[in-house]
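Structure first, commentary second.
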Amino acid sequence: MAFELPPLPYAEDALEPHISARTLSFHYAKHHQAYVTNLNNLIQGTELENKSLEEVIRSSANNIDKVGIFNNSAQVWNHTFYWHSMKPKGGGEPQGSLGDQIKKDFGNFDEFVKLFKQAGVGQFGSGWAWLVLDKNGHLKVTKTPNADLPLIHGERAILTCDVWEHAYYLDYQNRRPDYVDIFLNNLANWDFAQKNFEA
């Protein structure tokens, strides 16, 4: 079974004015689709052909002979997770058990925001800012370069912001800090994050 581009959880213009339909169209239909297409081409006829996406990621991670497979499979996973990490009229401060755990592990929500923004803005070049649950059950903020992701570090992804330039450049040009602010204030899908936290 070939991998397919998963449907967006909202219309391409649903995140406007914060992320334009033009950006989402390029990002989803061109970039995300290219990772899916490349992955299918790379694993066709191999032992990975009928594995789950997570199995492909784990088996290709840190394998110099499977760098292309890892990069494309991880980016398929990362982008799917990113789309769900946002929603129209999102952002603000999470409630419930996740909100409580953020206060417990970071001291307060503002400290989490500061660390998450530092991770997103401070990631040199392309990459991702993450809220993760670590092996000890504590929330922490991390950043990963390129296609790297929490899955291969024994961490559970809770929420992510894509800081590759194609995620924001048409709307924000070089103003990555503004984009990360908008993500936290207007787009972050805390309902999705809560489900990941409870999983």
Task: Residues with amide H under 5 Å from that of Trp128, placed H, sequence gap 5 or more - done: Thr144, Asn146, Val163
Open item on the list: Going Cα to Cα from Lys104, which aspartates and glutamates come in below 17 Å? Please leave out same-chain ones fewer than 8 positions away.
Closed with: Glu93, Asp134, Glu198
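If you filter region 121-155 for chymotrypsin sites (Phe, Trp or Tyr not before Pro), then keep DSSP loop positions with at most 16 other Cβ within 10 Å, what is left?
Working: sites: Phe124, Trp128, Trp130; in loops: Phe124.
The qualifying sites are Phe124.
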Task: Rounded to whole Å, sorted largest first: equivalent-ellipsoid semi-axes of region 96-198, Cα gyration tensor - done: 22, 15, 12
Task: Shape category assigned to region 21-84 from the gyration tensor of Cα positions, a/c cut at 1.5 - done: prolate
Open item on the list: Take the residue pairs Lys66/Lys87; Lys51/Lys89; Lys66/Lys195; Lys89/Lys114; Lys66/Lys135 and return only those whose Cα atoms are more than 29 Å apart.
Closed with: Lys66/Lys87; Lys51/Lys89; Lys66/Lys195
Task: Cα-projected label distance for Ala199 with Leu5, points at 7 Å along beta-carbon direction, nm - done: 2.3 nm
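Each value in this text was obtained by applying a stated rule to the coordinates, not by laboratory testing. All values reported here derive from a predicted model rather than from experimental measurement. Methodologically, a virtual Cβ is constructed for each residue, glycine included, from the backbone with ideal geometry; neighbour enumeration extends over all protein chains shown.
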